[in-house]
Amino acid sequence: MNIDDMPGALAQAFPDHPDQLSRLHTRLAAAAQQDGVLDVAYRVIDSPVGPLLLAATEQGLIRVAFALEGHDAVLQSLADKVSPRILSAPGRLDAAAREIDEYFAGRRHTFGLPLDWRLSAGFRRTVLSHLPEIGYGHTASYTAVAQLAGSPKAVRAVGTACATNPLPVVVPCHRVVRANGSMGGYRGGPEAKRALLTLEEAAA
Amino acid sequence: MTGKQPFESVVSAHGSTVLRVCRAILGPADADDAWSETFLSALKAYPDLPADANVEAWLVTIAHRKAIDVTRAAARRAIPVAEAPETPSAVSGALGGRPPGGQAPGGWGRDPEGGGLVADDDLADALTRLPAKQKQAVAYHYLAGLPYADVAAILGGTAEAARRAAADGIARLRRSYPGAGAGRAAALTTAGRAAGRPAAPRTASKEASP
């Protein structure tokens, strides 16, 4: 008898059970939420601009990320900056997913989600907090946003704030364009920015 | 900046191994509870885990303790039952209560022309019914792939004692299920490894030798 066979047969006697693991994962996320140790919950939703990663702390939505950014890299960054207690837990993102769906359907013009701003600080955060003042279907130049934020000369810093917006789509940095009318850069790529502006133009 | 990966990755990487270990130690009925307790407890402690820790050994260590908790809780629940249940319970299994040479439950030998077919469920049951230390050594080494030094750290005692317990466990399983040593098992081993299943450690054959 080949003495290596029993260990092999043992491995075979305990096959993987994907359904059971998936059920256990759901149960774990619920227990973690209940015990207050689910520091970051996330889910990925489909959208007209590709899959969007949504992540939320107990305070609120903390991150929206395009596929272009690399969702794994974004999750690692959340682990480093917020907490490694991160689980895929769609429940906490239900409201965010619904509002974003409504936005892409053209039925929602403003978001009412609680936001966790901790990934953005100082002047950048000031800039981002003013962006919802640019109404749906409108655009503003980087210069105009600098004025809105109370620092008319900080045009370049406005560009940086928009480029590092942790909550794109929901905090509408896509409405900030160059003074000459060209679009300027975007975290989700120029196509995504154009798609959002086109959507808002059509539905406004 | 900790550099620690998101806990979701830990669950993805080790969830199935820990479930296999829980099923081996406790049987299918109580494995879910032990798995859940293990990962909830691990999630709580995760931020404090040293960055260079062996995550799998850490998880198996937690699972080992949780399995003991689940076994004790089940034993407390079982006290009012007057008659022994027909089927071997997870409790007696976990405590190694089934006498050696006891009749195999289930379908072993159902297929008279099977030529040494492995009844996988039966083999899983048989492992669950091994004496505790043998079962733990076999599960942690062969199912979780931990080296005997890590198994010894979990069980107490020396690596040599852990190796011996695993070898005794394998020998006992082989006596109960001689068919498991036949040709099909070898084919399964190959297939399992080809499918990316975590293989037993490379030195398994030598170490398993009594």
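Scanning segment B:1-20 for residues that are hydrophobic (A, V, I, L, M, F, W, C) and either within 17 Å of B:Lys44 (Cβ to Cβ) or at the interface with chain A (Cβ under 7 Å from one of its Cβ atoms) (or both) yields B:Met1, B:Phe7, B:Val10, B:Val11, B:Val18, B:Leu19. For beta carbons closer than 8 Å, sequence separation of 6+ or different chains, a first residue in segment A:177-204 that is of a type in the set (Lys, Arg) and a second that is open to solvent by 70 Å² or more (accessible area, probe 1.4 Å), the qualifying pairs are A:Arg187/A:Leu68.
Checking segment B:26-35 against the condition returns a match, with at least one residue being part of a helix (DSSP H, G or I), closer than 25 Å to B:Ala152 by Cβ and among the aromatic types (Phe, Trp, Tyr). Residues that are closer than 20 Å to B:Lys44 by Cβ, open to solvent by less than 10 Å² (accessible area, probe 1.4 Å) and free of Cβ contacts under 8 Å to residues at least 24 places away in the same chain do occur in segment A:19-29, at least one of them.
Scanning segment A:43-79 for residues that are assigned to a strand (DSSP E or B) and open to solvent by 30 Å² or more (accessible area, probe 1.4 Å) yields A:Arg43, A:Val44.
State whether one or more residues within segment B:32-41 are among the aliphatic types (A, V, I, L, M) and at the interface with chain A (Cβ under 7 Å from one of its Cβ atoms). Yes: segment B:32-41 contains one or more residues that are among the aliphatic types (A, V, I, L, M) and at the interface with chain A (Cβ under 7 Å from one of its Cβ atoms). When the residues of segment A:21-40 are filtered to those that are more than 7 Å from every other protein chain (Cβ to nearest Cβ) and outside any loop (DSSP other than H, G, I, E, B), the one that is farthest from B:Gly169 (Cα to Cα) is A:Val40. Count of segment A:80-94 residues, restricted to those that are crowded, with 16+ Cβ neighbours inside 10 Å, out of contact with any Lys or Arg (no Cβ under 6 Å at 6 or more places or on another chain) and either part of a helix (DSSP H, G or I) or more than 8 Å from chain B (Cβ to nearest Cβ) (or both), is 3. The set of residues in segment B:1-25 being open to solvent by 20 Å² or more (accessible area, probe 1.4 Å) and either touching a residue at least 24 places away in the same chain (Cβ under 8 Å) or not polar (S, T, N, Q) (or both) consists of B:Met1, B:Thr2, B:Gly3, B:Lys4, B:Glu8, B:Ala13, B:His14, B:Arg23. Only one of the listed residues (B:Pro28, B:Pro80, B:Pro85, B:Pro47) is open to solvent by 20 Å² or more (accessible area, probe 1.4 Å), modelled with pLDDT of 95 or more and not hydroxyl-bearing (Ser, Thr, Tyr). That residue is B:Pro47. For first residues located in segment B:147-170 and within 14 Å of another protein chain (Cβ to nearest Cβ), partners that are of a type outside the set (S, T, N, Q) and part of a loop (DSSP other than H, G, I, E, B) and lie 6+ apart or on another chain with Cβ distances below 6 Å form the pairs B:Ala167/B:Pro210; B:Gly169/B:Leu130. Of the conditions (1) facing chain B (nearest Cβ under 10 Å); (2) open to solvent by less than 30 Å² (accessible area, probe 1.4 Å); (3) not acidic (Asp, Glu), A:Ala97 clears all except one; give me its number. (1) is the only condition that A:Ala97 fails.
Within segment A:134-149, the set of residues being part of a helix (DSSP H, G or I) and farther than 11 Å from A:Cys173 by Cα comprises A:Thr143, A:Ala144, A:Ala146, A:Gln147, A:Leu148.
The values are calculated or read from the model by the stated rules, or taken from the named source; none is laboratory data. Because the structure is predicted, anything quoted here is derived from the model rather than measured. FYI the Cβ positions are ideal-geometry reconstructions off the backbone, even for glycines, and counts take in every protein chain you see. Side chains are part of the model used for accessible areas, which takes the heavy atoms of the whole protein and leaves out ligands, DNA and RNA. Shrake-Rupley method; radii C 1.70, N 1.55, O 1.52, S 1.80 Å.
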